[in-house]
1. Which numbered condition trips up G34, out of (1) part of a helix (DSSP H, G or I); (2) at pLDDT 90 or above?
2. Return the residues of the stretch 61-101 that are of a type in the set (K, R) and part of a strand (DSSP E or B); say none if nothing qualifies.
3. Would you pick out the residues in the stretch 110-147 that are at pLDDT 90 or above, in contact with a strand residue (DSSP E or B) (Cβ under 6 Å, 6 or more places away or on another chain) and exposed (fewer than 15 other Cβ atoms within 10 Å of the Cβ)?
4. Identify the residue in the stretch 116-168 that is among the acidic types (D, E) and in contact (Cβ under 8 Å) with a residue 12 or more places away in the chain and, among all such residues, is farthest from Q82 (Cα to Cα).
Amino acid sequence: MRDALKVSNHARARIRLASPDDVTTIQAIEVAAGARFASIGMPEIAADPPPDGRLLRRLMKLNQAWVAEADQRLVGYAIGIQADESAHLDQVSVEPQFSRRGIGTALVNACSDWAGEIGAIQLSLFTFADVPWNAPAYRSMGFSEVLPADFGPELKLLWQRELETDLHSWHRVAMSRPVSPRDY
């Protein structure tokens, strides 16, 4: 069932559940994708370390991490977590040379499909308001800004933890879009 329901093909990428063999490549993708922030005056974000391997392996066991394959290699990944009655897109990153091909959207949609499977009522995320490949891109995918005060206690805690990092130095927004449960 894992592979049958979790693999989809996009115009230029194959989306599948991540496996432990993908950890090192996911970390390299994060470093490459993060480097773009240095070019827009956000070197602290570019210097952030990639996700911890133990965390990635734990999320993989829970079927909450996806990868995108293109040109016979991994080029992007996404991580989802459950909080309150929501699914939360914790991270999505695509190698810069593969950006603007719909791969990030396909990864977001994989997380949204998972959200439907678990019965979530919304898919939420936190992002930079003014970075072109962040909030503006999510708006084009049907996300809208929401007030963190409207979240349940678990999402509020995630937001608060984020404010305790260097991310608070830039304008961040919370966004969400509804999720329609599906028959699985």
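1. Here G34 meets the rest and fails (2).
2. Just the residues of the stretch 61-101 that are of a type in the set (K, R), to begin with: 61, 73, 100-101.
Listed by number, the list holds a single entry, R73.
3. Those that are at pLDDT 90 or above, in contact with a strand residue (DSSP E or B) (Cβ under 6 Å, 6 or more places away or on another chain) and exposed (fewer than 15 other Cβ atoms within 10 Å of the Cβ): G142, E145.
4. The initial filter retains those residues of the stretch 116-168 that are among the acidic types (D, E), namely 117, 130, 145, 150, 154, 162, 164, 166.
Pick out the ones that are also in contact (Cβ under 8 Å) with a residue 12 or more places away in the chain and you get 117, 130, 145, 154, 162, 166.
Numbers: E117: 12, D130: 26, E145: 19, E154: 9, E162: 16, D166: 24 Å.
Here the answer is D130.
The values are calculated or read from the model by the stated rules, or taken from the named source; none is laboratory data. Quick caveat: nothing in here was measured; it's all calculated off a predicted structure. Glycine gets a Cβ as well: all are built from the backbone with ideal geometry, and neighbour counts include every protein chain shown.
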